[in-house]
Amino acid sequence: MGVTFLTAITVIIMVVSAYFVWTEGLIWLKYLLIIIFLATIIGVLGLMPLRLTIGNDKIGLHRLIGAIYIPFKDIIELKAIPNSDTAFSIRLFGSGGLFGYLGKFRNKKLGNYTMYATNLNELILIRTDRKTYVFSCKNRDKLIESFQSNEK
């Protein structure tokens, strides 16, 4: 299932739930549901990855709220990985499909890792001394090639 499908289903369920609560009374439940709905959408949307860039000395993951920068000097390993490397992952904290696969995950193959991905078929692994990242990248082969040429 794709990110778009999961996002659409989640939003539909939340809207239908809000409708039924709204028409039944229970004023406090109405406002609580609105707050939860808005906090979920805004929080996850803010962390959704927009683009991955490569500069002269760092790789940047840009999101609506902030960016993550990884200096080249900290990168131990950077490579393309198949979707199967993230199979059987346990989501420790984050979103498993709403606006992307975002947050902290763990599995036997990668250990603990932070993932920001919207396309699980174009994954890139970046390992540093302190963290392991999994990002999706539309042109991952170009990014890897650019990193290798900048690293030299």
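Laboratory data are not the source of any read-out in this text; all were calculated from the coordinates shown. Keep in mind that what you see is a predicted model, and the values were worked out from it rather than measured. We place every Cβ from the backbone using ideal geometry, glycine too, and count neighbours over all the protein chains shown.
Worth a mention:
- Relative contact order of the chain, defined on C-alpha pairs under 8 angstrom at six or more residues apart (%): 20 percent
- What you get for the chain, charging only the Cβ of Lys and Arg (+1) and of Asp and Glu (-1), is a dipole of about 260 debye around the Cα centre.
- Taking segment 85-139 and dividing mean pair separation by its residue count, relative contact order in percent (alpha carbons under 8 Å, at least six apart): 26 percent
- Length added when fully stretched, Phe37-Thr128, from 0.36 nm per residue minus Cα-Cα: 29.2 nm
- Kyte-Doolittle mean at least 1.6, axial Cα span of 15 Å or more - DSSP H helices of the chain: 3-24, 27-47
- Multiplying the residue separation of Asn56 and Lys109 by 0.36 nm and subtracting their alpha-carbon distance yields 16.0 nm.
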